[in-house]
Amino acid sequence: MTASVAAARPEVARRTRRRGGIVPPWWFAVPAILVYALVVLYPSIAGAGSAFTDWSGIGEAKSFVGADNFKQLLRDDQALGALRNTLLLTVAIVVVQNALGLLLALGVHTGIKSRLMLRLVFFAPVVVSPVMVSFLWKFVYNPAPDAGLNAALGAVGLGSLRQDWLGNPSIALWSVAFTVIWQCAGYSMVIFLAGLEGVPAELHESAMVDGAGTVARFRHITWPLLAPAVTINVMLSTVGGLTLFTQIIAMTNGGPGYATDTLSTVLYKQAFVFGKFGYSTAVALVLAVFVAAVSFLQIGYLRSRETTA
């Protein structure tokens, strides 16, 4: 009797799973999918049609203009300059933020007594609103010689390095980039730190017995095993750089002139300042396709690196 009951249990379990008793059926997600489609997908698809019109954003009056908005985008010096700024910002953020995050993670992964406090300090800027951080650094970048960073430079005898950090077109973009890196490096640090925690200590011990130095152990053990963390950090920082908006608007509003405009700020201004919603939507579509293409290329390369590491 006991044997027959035991033999029947797998079949009962399979029937129960099919009926949804243990594993909920996929259609439990249908309500959430419908809400998402109604709130996100439908407005996005419907709004994309505006890229082929001259809609001003007010009223129903609009005419079909075909690809004129996209042709204008290719001839728009402001948009092309914004694309250049977007790419420069993204490269700077991806490289410097991840390099700094990795260095911080390696530093707080040691056995120093203050490592927990340092982790808290380095991660603290991440939880602060980007708007608050932007206004904080806007004060630091005050162009007055006796305020903010300029005052600190004067106090240590480096008064010749004083700058109008946000008013000089040649350095304003890099001042904003530094602000973003300062705030987000702690986030990259946490992800790298999680990857370092997963590196088996036995591998390092074996390598040390074989005479491997610190650099050799990092190159042949730590770095290959950090591949998943690198993938996550590079993807997040790339998308964040390509869509950067808040810090630009809060610190420079795209100025001086168009020196710090990005594609995100251009599409915002075209829609809400100049009332060109059709053209703004065209810029948004180009940005969305560009971000998607870069993301797919990156994820393909980084995933292949994970499998070969």
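So the values come out like this:
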read-out: Amide H contacts under 5 Å for residue 53, placed H, 5+ residues apart; value: 65
read-out: Å² of accessible area per residue within segment 88-307, as computed with a 1.4 Å probe and no ligands counted; value: 51
read-out: For segment 183-257 versus segment 279-301, the gap between their alpha-carbon centres in whole angstrom; value: 23
read-out: Check: the chain dipole with +1 on Lys, Arg Cβ and -1 on Asp, Glu Cβ, in debye; value: 920
read-out: Charge dipole (debye, nearest 20) of segment 192-309; +1 at Cβ of Lys and Arg, -1 at Cβ of Asp and Glu; value: 500
read-out: Listed residues 169, 31, 125, most fluctuating in the chain (Gaussian network, C-alpha, under 10 Å); value: 31
read-out: Percent carbon-and-sulfur accessible area, segment 88-307, ignoring ligands, DNA and RNA, probe 1.4 Å; value: 72
read-out: All-pairs alpha carbon distance profile, segment 178-269, 5 Å steps from 0, percent; value: 3, 12, 17, 15, 12, 11, 9, 7, 6, 5, 3, 1, 0
read-out: Lys/Arg +1, Asp/Glu -1 at C-beta; the chain dipole; positive extreme among 235, 36, 125; value: 36
read-out: Residue with peak Gaussian network fluctuation, the chain [Cα springs, cutoff 10 Å], from 165, 26, 223; value: 26
read-out: Three semi-axes of the equivalent ellipsoid, segment 34-189, Cα gyration tensor, whole Å, largest first; value: 40, 25, 15
read-out: For segment 77-122: span of alpha carbons on each principal axis (Å, largest first); value: 54, 15, 6
read-out: Among 160, 170, 134, residue whose mean-square fluctuation peaks in a GNM of the chain (springs only between Cα atoms under 10 Å); value: 160
read-out: For segment 76-84, 3J(HN,Hα) per residue [Karplus equation, 6.51 cos²θ - 1.76 cosθ + 1.60, θ = phi - 60°, Hz, x = Gly/Pro]; value: 7, 4, 5, 5, 5, x, 5, 4, 4
read-out: Whole-percent pair-distance distribution, where bins are 5 Å wide, for the alpha carbons of segment 88-307; value: 1, 6, 11, 14, 15, 15, 12, 9, 7, 5, 2, 1, 0, 0
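The values are calculated or read from the model by the stated rules, or taken from the named source; none is laboratory data. Given the structure is predicted, the values throughout are model-derived calculations rather than measurements. Positions of Cβ are generated from backbone atoms using ideal geometry, with glycine treated the same way; all protein chains shown enter the neighbour counts. Side chains included, ligands, DNA and RNA excluded: accessible areas come from the protein's heavy atoms. Shrake-Rupley method; radii C 1.70, N 1.55, O 1.52, S 1.80 Å.
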